[in-house]
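First the structure, in the form of structure tokens, and then the observations on it.
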Amino acid sequence: MTMTVLQSVLTIAVVALGTMLTRFLPFLLFPESKEPPRFIEYLGKVLPYAMTGLLVVYSLKDVSPMTGDHGVPELIAMAAIVALHAWKRNMLLSIAGGTVLYMVLVQMVFV
């Protein structure tokens with residue numbers, strides 16, 4: 001299916017507007033001079049952990065210990081993520097390092 005030029009322009013405009021709205025709205029709703037509601041502060045504390053748990057469950061949902069490589073690359077990558085995070089306490093390094101290691105394992109080692 002091919003879009004017309006008008007449809008392409010409208011799609012890009014809507015996506016740009018949605019992106020700008022989600023980026024700017026929190027600053028408009030909760031300016032720095034005002035303290036955010038307690039519920040918003042609570043969400044800011046618990047959502048990162050909830051999101052991390054959700055990502056772990058999602059990435060392991062199709063792993064079967066009874067077939068294939070028995071989840072060995074996933075276990076190695078998870079151990080590397082935990083070790084990197086315990087060592088450097090840097091979430092970006094932990095996630096990126098684990099992802100790179102997992103990709104190397106599944107594409108070069110466990111072929």
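The values are calculated or read from the model by the stated rules, or taken from the named source; none is laboratory data. Since the model is a prediction, treat every value here as computed from it, not as a measurement. Heavy atoms of the whole protein, side chains included, go into the accessibility calculation; ligands, DNA and RNA do not. Shrake-Rupley method; radii C 1.70, N 1.55, O 1.52, S 1.80 Å.
So the values come out like this:
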item: D_trans [Stokes-Einstein, Kirkwood Rh over alpha-carbon pairs] for region 22-82, 25 °C, 0.890 mPa s, µm² s⁻¹; result: 165 µm²/s
item: Å² per residue, accessible surface of the chain at 1.4 Å; result: 86 Å²
item: Listed values [x] 20.6, 56; [y] 17.7, 58; [z] 16.3, 58, entry calculated as Rg and Dmax of the Cα atoms in Å; result: [x]
item: Mean Cα-pair separation over length for the chain, i.e. relative contact order, pairs under 8 Å, 6 or more apart, %; result: 15 percent
item: Proximal lysines to Lys34, defined as alpha-carbon separation beneath 27 angstrom and excluding residues fewer than eight positions away on the same chain; result: Lys45
